[in-house]
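What follows is a single structure, written as structure tokens, with notes after it.
No value in this document is a laboratory result; all are computed from the given coordinates. Quick caveat, the model's predicted, so the values are computed rather than measured. Here the Cβ positions follow ideal geometry from the backbone for every residue, glycine too, while neighbour counts run over all protein chains shown.
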Amino acid sequence: MLDFAQHLVTNTDLSVLNFADLNFADLHSHVHMDLIAQQFKQDVAGDFSRGWNNFVKTGQIWALMIGIAVGYLFRSISMG
């Protein structure tokens, strides 16, 4: 299996590949099912809520509002 992978990396001409030499039964020993079937407990709404609360608590929301206001004023001056 490793020879096949090295051949793919070093040779881009797929016509020289011999798929009859591949041992697909050996492939199962290289695939770790515990990595594929992992379950994650994610609280997307909770993560968003904590992020928003941190955004407000650190004062970044004021920087956003000031940036939008200054950008709008700059745009109206430069476009008009």
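Across region 40-49, computed HN-Hα scalar couplings (Karplus, 6.51 cos²θ - 1.76 cosθ + 1.60, θ = phi - 60°) run 10, 9, 10, 10, 5, 5, x, 5, 5, 5 Hz from first to last residue, x flagging Gly and Pro. The ranking of Phe74, Phe55, Phe40 by Cβ neighbour count inside 10 Å, starting from the fewest, reads Phe40, Phe74, Phe55.
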